[in-house]
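K.L.:
To start, I am sharing the structure in question, which I have written as C-alpha cells.
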Amino acid sequence: MTADHTSSTPPEEMTTVVVDLGRPPYDTPALELRGPLGPARLEAALDHLAADNPDAPVWRHRIDRLGHEHHALRLAADDVHTPGDAFPYGLLADLLTRSTPARPAPTLVPTPLQRELLADADALPGRHLAQLAWAWHGPLDSERFHTAWQSVVDHESVLRTAFDDSCEPLLVRHEHTDAEVLWLPHGTARWPDVLEDDRRRGIDPRRPGALRVTVLAGAPAPTPPAEPARVLLTYHHALLDDWSARLLLRAFYRAYLADGRLPGGERRPDLRDYVRWLRRQDTAPARDFWTRAVPPRTAAAWPARHTAPAPAGPVGRTRLRLSAAQTERLAAWAARWGSTESGALQAVWSLLLYRAGGARAAAPVRFSVTASGRGIPFEGAPRMPAALSTAWPLSVEVAPHSTVATLLSDLRDRILERSAYEWLSPGQIRSWTAPQHHAANGTHSPTGTEDGTHSPTGTEDGTHSPTGTEDGTHSPTGTEDGTHSPTGTEDGTHSPTGTEDGTHSPTGTEDGTRSPTGTEDGTRSPTGTEDGTRSPTGTEDGTRSPTGTEDGTRSPTGTEDGTRSPTGTEDGTRSPTGTEDGTRSPTGTEDGTLLVFENRFRDPDDLTAALAARGIRVEHPETLGTPTAFPLTLVAHHDGDEQLVLTAVHDRSRIADATDVLTHSALLLGELPYVADDSTTVADLLRLLPAADTTTTPASPPTPPTGAAHRADTRPHAQAQPPLLPLRAAADARAGTVCLLQTPHVPRARYDRLARAYQGPEAVILLRAVPGGPHARYTALRPLARAGRLLVLGGFSGGGSTAYEIARRIAAAGGRPPLTVLTGAATGADRLARLLETAAAQAGHPGRTG
C-alpha cells in the first residue's frame, strides 16, 4: 500500500518483554527487551517495585545489549539465599510495557454506527468491504488519473482518516496520505481475477487511505476492436458508504477534467461537523418510537423453507436483471398505488417470508431495510462523503385475504414513520427494542453522552485542539479549519446559504430552486431521493452492524484475576448486550435478512458532456454486492440501461444457493404489473410461485463463527463459556500452542485479529479471565503443559503477573515453562504476531538458552 501510515503525531513505540525462566531448576529468569528502553524508564519501574515492597531484598540488575533496541535484563539479589525466581518479573514486565502519555494528536471519536461497523468487520473478516466498478472508454492519461485522485484525497479529509488501534477506537486525521492507485497493464490479468484478488486483499480501516483504485488498462488505441479500461474502487463501509464512493467519483471526474486539480481546500462540512451535530440530537423521541416498534420475536424472518450449508467459500453472490421494459412497468404500477420499486420489493420479500414461515392465517414477518442517513436536517449531508448509511428493523403483518395494495400501503407507512431517525445506528435501536439486554437508559456510553460519542479533549465534536480551533488545526483566517469556508463551498468562497456556488437555496438544491423535498430537480419526493422516485430505504450501501457495541469493551474494575465483575462479564468488560463476553448476534436474537435499494445517482449533464468533449465515455458504475453481517442481503439497483438488478449476497454456511429466492423475487416483481389490481389478494399472488416443498426438514441453526460479534445464546443467564477458546488451528499436528491471555480493557476482537495475523504453524488459543485467578488459569492449561505442547504465553500489558505465575506453576509441576511475551496495548496485531512467531520458534528449538 502506498499510503503514508504515519499520523500527524507519531504513535508511541512500544516495548515488548519476553520472560524466560531459563533452564532447570528455573531459578535464573531473564527478560529479553525489544523496542526503546530508556534508563530512566527502567529505573522508574524498579523504584516502583522497591517502594511497593520495602521489606524485599535489594536486587541488582545488569543490561546486555544484543542489538539495536534489543537488550537482555538479568537481576540478582544481594542476599545469596534469595531464589532468583522470587523477583516479581511479571509485574516488572507490566510496568515496562505500560503506555505512557503521548503528546496530543488530532483525533475524533467515531460515531456509534462507525464503531459498530468496525467491530463487525473485526469479528467477520471481509464484511463491509465494498467495490464499485465501471468501464472507461476512450483515452486515459495515467499520470493525470493519479494526480486527480491525489487531489481528491487532499480535498476530502475522510480519505486521510483511519481508526487507531486503541481499546476504544478513535479516528485519526492524517495531514497527508498518498492516493493508492494500482495500474495493471492490458493483458496482465483477467477482470474476474482482479475482482477476486482485490476482495482477498481487503482494506484495513486502521490504515490511512480509505479508498483504493485499481485500473486494468484497455487495449492500445490501434487495436481493433477497442477494449475499454476497467476501473475498481475499493473501500470500507466503516469510513465510506456507497453514496460517498459515487460522490468521490464525481469529484475525481471534475479533477481529471481540470488537469488533475480540484479548486479550494478541504471540504466542509465533514465528519467533525456531523459528530458535533449528532451529539446535539435528543434521543428521547427516538427511544419512545423504537420501544413501541419492536418486531415480534415470533415473526417469520427467513425466505426459504429449507437451506443447506455449503463448504465452499464463506460468501456467495447471485445476480439477475429485469429487462428495461419490466423495470419501467414495475415503476409505473407501483406509482399507481403511491409506492415505488423499492416498496414493491419490500412487499415481495414480505410474501416470501410469509410463505416460508408456513402460516395459514395472518402472521407477522420481519426484515431490515437500509436508509441513506442523508435525509437528516444536517446541512450538506447529501454532499458529504462519510459512513452515514444505516439499517432499520421492519415488521409487517401479512394476511392471505388482504389485498396487495393494502400491504404496499402498510409498508409505506412504516417507512415514513422511521424516516425521522436516519441518524441512529442499528445498535442504538437494538438497545431500545431489547430492553431485557440493556440498561433502562439505552445504549452503553462510556462518556455518558446519549449517542455514545466521546470528547476526550472537551471540544464539541470530540477532536483534540492544541491550537484552540474546534478541529485542532491552526486557522489564521478565522475559518474553522483554516483552509476552507465553513459554508461548504468548494472554492473556499463565502456562501451564507451553503450552496456550492454561493447562491441562495432555501431547500439545499444545488441550483437554488425550491424543492420542498430536497430533490435536486425540485420535484416532489416523499423520501428525499434525488430523482424524485420513492425509496423507502433511501439506501446507497446497505451496511449492517451485528454487534451493537459502540466502542469495544469497558472494564470498570480493572481486575486481572478473573473475579466477578459487577457488569456481568467474566473479565470486567462492559457488555451492553448482557452476554458474559460482551458479544452479540447480528440481529439481536436470531438471524434475519437485509434489503438494500440503492438510490439512483446521475452525473450532471455538463460533466458527461465535458468528458465526451475529450473523447471519453464512462459507463454507469455498479456496486458488486457487499457482504454484511446478515446471512442474506438482497441488493437492488438500476444499471446504465435502466434495468433493475437484483443481487443476493449470502453466507454459504447458512444458505448454499440463493438462486431460488432470487428467482422467486424476480418472478413476482415481473408479474405484479400484470396480475395485481384493486382486488388481488396476497393468496392470489402466492399462487404464482411453484408449490412449496414441505418434505425437507428445515436446516438447523448455523454454527456461530469464532468472531467476537457472534454468540449462540445471548441471554443474560447463559452458562459461562469454557476458559479455553480456539482461535486458530495448528497447521501441523506436531506443532505446539500459543496461548493468549485475555486482559481487561482489551477488546476480544483484538485477539481475533492477532490470531489471523499469526503465520506460524502453531495453534492459537485464548485463555479467558476466569474466577479463581492464576490458579484457575493454570488448571485450564495443565493438560497442554503436561503434554509439552504449550510454547508461549502472550498478551498485553496488565497480564504479566498472571502469565509469570502460570509459568512458575508449570515449572514446579515438572513441565517446561513457556516463554511469556508481553507488550503494550497499542502494539499492532501484525507486530505482535511476528514477535510471537519468533518466541514460538525459540521455545520450540531444543537448543534454546535461558
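K.L.:
With a ≥ b ≥ c taken as the square roots of the eigenvalues of the C-alpha gyration tensor of the stretch 229-328, please select rounded if a/c is under 1.5 and otherwise prolate if a/b is larger than b/c or oblate if it is not?
P.N.:
Numbers: a/c = 2.34, a/b = 1.22, b/c = 1.92.
Oblate, because a/c is 1.5 or more while a/b does not exceed b/c.
K.L.:
First check a/c for the stretch 107-275, with a ≥ b ≥ c the square roots of the eigenvalues of its C-alpha gyration tensor; if it is under 1.5, answer rounded, and if not, answer prolate when a/b is larger than b/c or oblate otherwise. Spell out each step's value before the answer.
P.N.:
Numbers: a/c = 2.64, a/b = 1.50, b/c = 1.76.
Oblate is the answer for the stretch 107-275, as a/c is 1.5 or above yet b/c matches or exceeds a/b.
K.L.:
Further question on the same structure: Dipole size in debye (nearest 20) for the stretch 107-275 around its Cα centre, Lys and Arg Cβ +1, Asp and Glu Cβ -1?
P.N.:
320
K.L.:
Let me ask something additional. For a Förster distance of 25 Å, can you work out the FRET efficiency between the beta-carbons of R687 and R292, rounded to the nearest 0.05?
P.N.:
0.10
K.L.:
If you don't mind, another one. Mind listing the long-range amide H neighbours of T593? Cut-off is under 5 Å, sequence gap 5 or more, other chains count too, H placed in the peptide plane at 1.01 Å from N.
P.N.:
Distant-sequence amide H within range of T593: S368.
K.L.:
Charges at C-beta only: +1 for Lys and Arg, -1 for Asp and Glu. How large is the resulting dipole of the stretch 588-635 about its Cα centre, in Debye rounded to 20?
P.N.:
I would put it at about 240 debye.
K.L.:
Once phi is turned into θ = phi - 60°, what whole-Hz ³J(HN,Hα) does the Karplus curve with 6.51, -1.76 and 1.60 give for every residue of the stretch 198-207, x standing for Gly and Pro?
P.N.:
5, 5, 5, 5, x, 9, 9, x, 8, 10
K.L.:
Using a 7 Å offset from the Cα along the Cα-to-Cβ direction at both S419 and L257, what is the distance between the two label points in nm, to one decimal?
P.N.:
3.2
K.L.:
Considering only DSSP states other than H, G, I, E and B, which trypsin sites (Lys or Arg not before Pro) in the stretch 286-380 qualify as loop sites with at most 12 other Cβ atoms within 10 Å? Numbers along the way, then the final one.
P.N.:
On the way: sites: R287, R292, R297, R305, R317, R319, R321, R329, R336, R355, R360, R366, R374; in loops: R297, R305, R360, R374.
Within the stretch 286-380, the qualifying trypsin sites (Lys or Arg not before Pro) (loop, at most 12 other Cβ atoms within 10 Å) are R297, R360.
K.L.:
So, R0 is 45 Å and r is the distance between the beta-carbons of D830 and H775; what FRET efficiency does that work out to, to 0.05?
P.N.:
Working: r = 34 Å, r/R0 = 0.75.
It comes to 0.85.
K.L.:
While we're here: Rounded to the nearest 0.05, what FRET efficiency is calculated for D47 and D282 with R0 set to 41 Å and r the Cβ-Cβ distance?
P.N.:
On the way: r = 51 Å, r/R0 = 1.25.
The calculated FRET efficiency here is 0.20.
K.L.:
I would also like to ask the following. Please give, to one decimal in nm, the separation of the simple spin-label points placed at S402 and T608, each 7 Å out from Cα toward the Cβ.
P.N.:
Label at S402, label at T608, 4.0 nm between them.
K.L.:
Calculate log10 I(q)/I(0) of the stretch 770-850 for q = 0.12, 0.19, 0.24, 0.27 Å⁻¹, where I(q) comes from the Debye formula with a single equal point scatterer on each Cα and nothing for solvent.
P.N.:
For the stretch 770-850, the Cα-only Debye profile gives -0.35, -0.86, -1.21, -1.34.
K.L.:
If you take the square roots of the eigenvalues of the alpha-carbon gyration tensor of the stretch 186-261 and sort them as a ≥ b ≥ c, do you get rounded (a/c under 1.5), prolate (a/b over b/c) or oblate?
P.N.:
Because a/c hits 1.5 or more and a/b fails to exceed b/c, the stretch 186-261 counts as oblate.
K.L.:
Then there is this: Separation between the R786 and D641 pseudo-spin-labels, each 7 Å from Cα along Cα→Cβ, expressed in nm?
P.N.:
Between R786 and D641, the simple spin-label model gives 6.9 nm.
K.L.:
Run the numbers for A813 and R360: contour at 0.36 nm per residue of separation, minus the present Cα-Cα distance, in nm.
P.N.:
Residue separation times 0.36 nm, minus the Cα-Cα distance, leaves 156.5 nm.
None of the figures in this text is laboratory data; all of them are computed from the coordinates on show. Keep in mind that what you see is a predicted model, and the values were worked out from it rather than measured. Methodologically, a virtual Cβ is constructed for each residue, glycine included, from the backbone with ideal geometry; neighbour enumeration extends over all protein chains shown.
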